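Working notes, beginning with the structure itself.
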């Protein structure tokens with residue numbers, strides 16, 4: 001039992017990261033009806049920018065973190081919407097999806113060529129110590145990831161459902177034309193969504209990079225698992241992305257433990273297929289109908 | 001008038017001599033992992049080669065000819081490696097340098113063999129030199145030479161009666177696992193857990209929990225650089241407190257840098273180290289640090305030695321003969337007195353394996369400390 005709990009907690013920690021990235025998929029989907037295939041690279045890049053500010057500009061870590069995160073949110077929140085989404089969306093969803101695929105390659109190769117192809121150590125906010133609980137050793141880093149990610153998602157959920165701006169965001173996502181008639185600044189609400197997505201990706205990057213090490217290729221796995229998590233939980237619900245992330249993280253951890261490390265990637269994919277066949281809207285998603 | 005003709009003659013001779021001098025360069029192509037899972041090892045190997053080429057060219061080159069070095073990135077992909085080796089041969093390389101990872105070496109070595117060109121590689125998988133390839137040469141000890149030393153170390157120094165083995169599921173890792181298991185059995189050490197991991201794996205929490213629950217006396221870790229660091233960090237996070245023992249890679253400078261505090265206490269056998277009690281290694285380490293602003297691991301040393309092997313064999317045969325280079329290297333013993341770039345007496349076996357002194361080391365306060373020197377197996 002103790003062993004199972006250890007795998008469960010490790011899986012929840014990884015799943016919390018997937019959830020943060022998966023929420024990015026759902027937010028962008030709700031406001032723009034598009035899938036951002038560069039979402040994994042959105043989680044990879046903030047850590048690289050922070051390290052680049054430390055190593056190339058010689059800044060202290062705290063200053064590099066502020067600068068790196070601010071630069072990332074400006075470039076990949078505000079800039080992403082203005083430079084890629086707005087010009088492409090009028091040509092339909094497919095060109096935009098392809099554009100985000102291209103963006104993911106550019107981000108990955110840019111990080112490799114502009115910084116380094118080698119993995120880099122990333123400072124952790126929490127010591128690499130363990131605490132004992134119910135006979136198992138629990139990593140403080142894992143506890144911190146779970147708490148911070150859940151707090152961030154909880155705050156987001158509160159913001160979206162309990163504040164005026166949040167409700168305006170929801171209205172803009174559900175029916176932008178009606179929202180516009182009601183005087184809601186739809187364009188600003190959509191921009192806010194992209195900024196929140198970038199901020200959540202930066203948070204995920206800071207939480208996961210001390211464990212995975214900062215590397216240009218980190219986005220591949222994170223992006224894939226977050227995408228699976230978003231579909232499993234429900235692409236149109238924040239709480240679905242949270243649940244999906246945690247479920248995928250736990251399944252991945254248990255698969256590595258009880259099946260095989262070699263097949264751990266296949267197990268969440270099997271889950272994905274099952275969900276698509278049985279409940280295509282996701283475990284917590286709502287059905288959507290679209291006119292063609 | 002005579003002076004004008006003389007001046008014209010000198011100018012014409014100089015103009016003709018310029019392309020001739022350019023042709024006097026000897027081309028070496030390095031096919032290596034500069035991105036992908038092998039980027040850390042490959043970058044060190046490349047930088048070691050660049051340092052060797054700069055040193056040799058500064059001393060007048062090989063038989064009076066300057067070396068022109070070209071690097072091709074394989075992206076740690078066996079298909080790309082095959083293409084790059086073929087391209088290197090088509091472009092007239094004198095010898096092929098690299099790659100470092102055993103899988104891509106295995107996939108590409110037949111190409112250099114068919115062209116009868118020496119390929120000097122950084123791989124350690126035992127199987128590479130068991131295929132009768134007369135053109136493949138290592139720069140590191142083979143797993144079949146290193147693993148008996150590890151088993152003896154686990155038995156006599158660590159006093160382990162059971163060991164958890166953590167290995168990476170690629171040619172390097174599988175070769176290491178296949179080499180260590182019989183040695184552990186011979187030493188009477190029980191394998192408490194046999195844990196396979198994947199190349200490029202990022203999350204090692206589940207593997208660390210498995211190791212902890214195996215409750216073995218020691219853990220033998222045989223992973224590539226980045227994965228070694230991730231595993232050590234995960235093991236520390238899960239409170240694994242048993243001795244971590246490894247072979248060369250686990251104690252490498254890059255692993256220590258990436259793993260941070262989690263690397264302290266790691267111990268094992270190292271084939272090459274800039275911290276070894278060999279003045280030439282330490283001098284290399286200082287030069288490498290000064291040029292690249294970080295500490296070289298064993299792959300940097302291997303890259304440097306690879307070029308030195310080519311220089312030694314070429315000067316031995318007194319000509320640039322591609323096939324003769326391989327013939328000269330096979331069965332040779334190269335000493336630092338003959339070729340300073342080799343840094344330590346190195347015996348090249350007829351199958352391409354190497355024999356030379358190696359070391360037992362431990363990581364203390366973020367630094368690799370050499371504890372003992374082990375002699376050559378067949379001096």
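The values are calculated or read from the model by the stated rules, or taken from the named source; none is laboratory data. What you see is a predicted model, and the numbers here were worked out from it, not measured in a lab. With ideal geometry, Cβ positions are generated from the backbone for all residues, glycine too; neighbour counts draw on all protein chains shown.
Restricting to region A:73-122, name every residue that is in a loop (DSSP other than H, G, I, E, B), within 14 Å of chain B (Cβ to nearest Cβ) and either under 20 Å from the mean Cα position of the chain (by Cα) or under 20 Å from residue A:30 (Cβ atoms) (or both).
A:122
For residue B:205, are the conditions met, namely being within 14 Å of chain A (Cβ to nearest Cβ) and closer than 18 Å to residue A:218 by Cβ?
So residue B:205 passes the test.
Can you tell which of A:141, A:128 is within 10 Å of chain B (Cβ to nearest Cβ), assigned to a helix (DSSP H, G or I) and more than 20 Å from residue A:31 (Cα to Cα)?
A:141
In region B:260-286, which residues are surrounded by fewer than 16 Cβ atoms within 10 Å (Cβ to Cβ), at pLDDT 95 or above and part of a helix (DSSP H, G or I)?
Of everything in region B:260-286, those that are surrounded by fewer than 16 Cβ atoms within 10 Å (Cβ to Cβ), at pLDDT 95 or above and part of a helix (DSSP H, G or I) turn out to be B:279, B:282, B:283, B:286.
Here's the yes/no breakdown for (1) crowded, with 19+ Cβ neighbours inside 10 Å; (2) free of Cβ contacts under 8 Å to residues at least 12 places away in the same chain; (3) within 14 Å of another protein chain (Cβ to nearest Cβ):
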residue	(1), (2), (3)
B:160	yes, no, no
B:163	yes, no, no
B:167	yes, no, yes
B:170	yes, no, yes
B:173	yes, no, yes
B:176	yes, no, no
B:180	yes, no, no
B:193	no, no, yes
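What about residue B:225, is it closer than 18 Å to residue B:176 by Cα, within 11 Å of chain A (Cβ to nearest Cβ), surrounded by 22 or more Cβ atoms within 10 Å (Cβ to Cβ) and in contact with a helix residue (DSSP H, G or I) (Cβ under 6 Å, 6 or more places away or on another chain)?
yes
Mind checking whether some residue in region B:347-367 is surrounded by fewer than 16 Cβ atoms within 10 Å (Cβ to Cβ), farther than 27 Å from residue B:90 by Cα, touching a strand residue (DSSP E or B) at 6+ places or on another chain (Cβ under 9 Å) and not assigned by TED's automatic domain parsing to the domain that holds residue B:70?
no
For residue B:300, are the conditions met, namely being closer than 18 Å to residue B:278 by Cβ, buried (at least 24 other Cβ atoms within 10 Å of the Cβ) and within 16 Å of the chain's Cα centre (by Cα)?
Spelling it out, residue B:300 is indeed closer than 18 Å to residue B:278 by Cβ, buried (at least 24 other Cβ atoms within 10 Å of the Cβ) and within 16 Å of the chain's Cα centre (by Cα).
Out of B:37, B:7, B:88, report the one residue that is assigned to a helix (DSSP H, G or I), away from chain A (no Cβ under 14 Å), at pLDDT below 95 and over 26 Å from residue B:290 (Cβ atoms).
Only one candidate passes the filter, namely B:7.
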